1. Any chance you could run the full-extension gain for HIS104 through ALA122? It's 0.36 nm times the residue separation minus the Cα-Cα distance, nm to one decimal.
2. With the cut-off at 1.5 for a/c, could you classify the range 39-103 from its C-alpha gyration tensor as rounded, prolate or oblate?
3. Which order do peptides 117-123, 53-59, 73-79 fall in by mean Cβ count within 10 Å, highest first?
4. Run the dipole for the range 33-130 about the Cα centre, Lys and Arg Cβ at +1, Asp and Glu Cβ at -1, nothing else charged, and hand back the magnitude in debye, nearest 20.
5. Answer with one residue from VAL41, THR69, ALA110: the one whose Cα lies farthest towards the positive end of the charge dipole of the range 32-137, charges on Cβ with Lys, Arg +1 and Asp, Glu -1.
6. How do the peptides 38-45, 124-131 rank, highest first, by the average count of neighbouring beta carbon atoms within 10 Å per residue?
7. Which residue, chosen from ALA121, GLY99, THR86, occupies the Cα position most advanced towards the positive end of the dipole of the range 25-129, where the dipole is computed from +1 (Lys, Arg) and -1 (Asp, Glu) charges on Cβ about the Cα centre?
8. Can you give the charge dipole size of the range 73-126 about its Cα centre, rounded to the nearest 20 debye, using +1 on the beta carbon of Lys and Arg and -1 on the beta carbon of Asp and Glu?
Amino acid sequence: MSVTHTDVTATLDPCGASDHPDCGIRDMLDRVGDTWTVMVVVELGASERRFGELQRAIDGISQRMLTLTLRRLERDGLVNRTVFPTVPAQVSYALTESGARLTHLIKALADWSLAERDAIAAARQHYDDAHPGHAIR
């Protein structure tokens, strides 16, 4: 039997706001559900990387978005940033133990999406056929 949303949130201390006692969960889901976070964690799960290596490996990410994503992950304790005393300074990024534990969850989600993609595509086509002209994508 699966744990329901109510069961999960009932065991957590509220954040202080009466209308959303599970904002701690929301905060982390927002972080790890972000496209760039997932890509950075996947890349760092393979090995420690320098900034330029990460930017080249993650298609479409801007320097600004990579910088913000890495800073957020560092703040959350998922990434370690190491600055080497060179000129110019070299910086490398690696997953912390907590960040490394996140990789198996991302892999499980990726495996699920691959296993379900045909069924999801068929469901979308069925919906689109039943609702022509809709704007949902």
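Bear in mind that the values in this text are calculations on the coordinates, not laboratory data. These numbers were taken from a predicted model, which means no experiment stands behind them. All Cβ positions, glycine included, derive from the backbone under ideal geometry; neighbour counts span all protein chains shown.
1. Length difference between fully extended and current span is 3.7 nm.
2. oblate
3. 73-79, 53-59, 117-123
4. The dipole magnitude comes to about 500 debye.
5. Towards the positive end, the residue furthest out is THR69.
6. 38-45, 124-131
7. THR86
8. With only Lys, Arg, Asp and Glu charged at Cβ, the dipole is about 80 debye.
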